[in-house]
Amino acid sequence: MMSVQLETSEGQKRTLARPELLAPAGNLEKLKFAVHYGADAVYIGGQKYGLRSNADNFTFEEMREGVQFASRYGAKVFVATNIYAHNEDLEGLEDYLRTLQDIGIAAIIVADPAIIETCRRVAPKLEIHLSTQQSTMNWQAVQFWKDNGVDRVVLAREVSMAEIKEIKKQVDIEIETFIHGAMCSSYSGRCVLSNHFTDRDSNRGGCCQSCRWKYDLFVGSEDSPLFEPEDDKFTMGSKDLCMLEYIPEMIESGVESFKIEGRMKSIHYVATVVNVYRQAIDSYLADPERYELKQEWLDEIHKAANRPLNTGFFFDAPDHEDHIFGPEEKLIPYEFAGMVMEYDESTGMAVIQQRNHFKPGQEVEFFGPNGTAFKQIIGEIWDEEGQPLTAARHPLQIVKLKVDSPVQPLDMMRKKMDG
């Protein structure tokens, strides 16, 4: 882990560790965007042993390409193997772990002791990161896992900031904690609602997010409804975690890895959130004494937000105000409209790959790594043959348009959602 040497206003020197920014990647394209927008590492799922069976997930060939791409940026790739395994799940595990090691995966994220033991035996070059699914909340448990060969512990989401500092004080091991994304309404994700309603096992990768569904409520029987038919439906989902306003406290706590949740989230979400946290972390480390939280970072986070935000368990135990029991607050909705593929500086023309419908006269916003962003009204649009278009209607359609400021490949164009 890298450190930054700082000099205080009194001339004294001190060292701050530079935390790893760890981003989710549900597929290869998301991996590339996460790394391009500033992630130091990404975590992905393979075809087996992970808790996001509905994500696209990675073949071995895609993992290899992802590792090669990340390596060019000095980034690492971790693979989630965090199911609680039944006997039949362990078949083929040894070959799977050996293959991950041969591909160049840096670490596996794991909860089951059987997978930990197997990895230590057959793929010793893989680091072992203990999954948050193990609900590790105290320093003695952290010490236990260190003694049993774990290289990093991903703490339970229920751990407070004060408890994190005590753990760092007591045990010399890498600590990872979530800083942004969806929170589970159950205790550290140990939920069986999905099993009950759909026969999909949450702890083997099948969660159907039952807590986000909308329910009717009754007292005793369907003859005694609590609400009228026209009333809003009941949900039990939690608000999303956001620690952007507390980056200084997070860095000073000594946590080695800041984790963003969201392997099922969109490319726009991943790029936006990674970009903001990258700027905040780098800004604080550059000059802690003059660091200021920028309003533009908060505005940017809300452009990617799916739900209202809070600070989880870091400072106080969440209460009823931190859950969503009815309609969610209306956030300003933005969507990924296009990706920059080429830019001609002499003409100001950009080649854009369409991701959602856009047309002349609409206001869009371009943004890229390190906070570069500008808004403009779309002028004329042309297809690849130079024919004018009334709109970019077709998925992945290649179009050309003039941009008001320079852009670069993998910059994104977004717009407010229609309606």
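Which residue fluctuates most in the GNM of the chain (Cα springs below 10 Å): THR347, THR132, THR81?
THR347
Grab the eigenvalues of the alpha-carbon gyration tensor for segment 92-208, scale each by 5, take roots, and send me the semi-axes largest first in whole angstrom.
Semi-axes, largest first: 23, 23, 11 Å.
Based solely on C-alpha atoms, express the radius of gyration and the Dmax of segment 75-119 in angstrom.
So, for segment 75-119, Rg and Dmax equal 10.4, 34 Å respectively.
R0 = 25 Å: FRET efficiency of PHE144 with GLU166, Cβ-based, nearest 0.05?
Result of the calculation: an efficiency of 0.95.
Expressed as a rounded percentage, what relative contact order does segment 107-204 have, with Cα pairs under 8 Å and six or more residues apart?
Relative contact order comes out at 22 percent.
Which FRET efficiency value, to the nearest 0.05, is calculated for LYS359 and ASP151 with the Förster distance at 45 angstrom and r the Cβ-Cβ distance?
0.30
Once the Cβ-Cβ distance between PHE227 and HIS302 is put in as r, and R0 is 30 Å, what FRET efficiency do you end up with, to the nearest 0.05?
0.50
What is the Cα convex hull volume of segment 332-380 when expressed per residue in Å³?
100
For segment 289-344 and segment 140-211, what is the separation of their Cα centres, given in Å?
Using only Cα atoms, the two centres lie 22 Å from each other.
Just tell me which aspartates and glutamates come within less than 18 Å, Cα to Cα, of LYS48; anything on the same chain fewer than 8 places away is out.
ASP56, GLU61, GLU62, GLU88, ASP89, GLU91, GLU94, ASP95, ASP102, ASP112, GLU117, ASP201
For the chain, with all protein chains present and a 1.4 Å probe, just round the carbon and sulfur fraction of the accessible area to a whole percent.
48
Quick one: which of LYS233/LYS303; LYS265/LYS415; LYS375/LYS402 span more than 21 angstrom between C-alpha atoms?
LYS233/LYS303
Given Cα positions, please report Rg to Rh for the chain, the hydrodynamic radius being the Kirkwood one.
Result for the chain is an Rg/Rh of 0.99.
Build a GNM of the chain with springs between Cα atoms under 10 Å: which of VAL273, VAL364, VAL142 gets the top mean-square fluctuation?
VAL364
Note down the nm distance, to one decimal, between modelled labels 7 Å out along Cα→Cβ at ASP102 and at ASP404.
It works out to 5.4 nm between the two label points.
Suppose the chain between LYS294 and ALA114 were pulled fully straight at 0.36 nm per residue; how much longer would it get relative to their current alpha carbon spacing?
60.2 nm
Just to be sure I understand: with springs between alpha-carbon atoms less than 10 Å apart, which residue in ILE352, ILE128, ILE398 has the highest mean-square fluctuation in the Gaussian network model of the chain?
Its mean-square fluctuation being the largest, the pick is ILE398.
Heavy-atom accessible area of LEU28 with all protein chains present, probe 1.4 Å, nearest 10 Å²?
30
Positive end of the charge dipole of the chain (Lys, Arg +1 and Asp, Glu -1 on Cβ, about the Cα centre): tell me which of VAL79, ALA156, LEU389 has its Cα farthest that way.
Looking along the dipole axis, the top candidate is VAL79.
Could the peptides 251-258, 71-78 be put in order, highest first, of the mean number of other beta-carbon atoms found within 10 Å of their residues?
The packing order, highest mean first, is 251-258, 71-78.
To make sure I understand the rule: partners must be lysines, Cα under 26 Å from the Cα of LYS13, and not fewer than 8 residues away in the same chain. Which ones qualify?
LYS165, LYS168, LYS169
Hey, rough spin-label estimate for GLU245 and GLN376, points 7 angstrom out along Cα→Cβ, what's it come to in nanometres?
The answer from the label model is 3.5 nm.
The values are calculated or read from the model by the stated rules, or taken from the named source; none is laboratory data. Everything numeric in this text was worked out from a predicted model, so none of it was measured. Cβ sites come from the backbone with ideal geometry, for glycine too, and all protein chains shown count toward neighbours. Just so you know, the surface numbers come from the protein's heavy atoms only, side chains and all, with ligands and any DNA or RNA stripped out. Shrake-Rupley method; radii C 1.70, N 1.55, O 1.52, S 1.80 Å.
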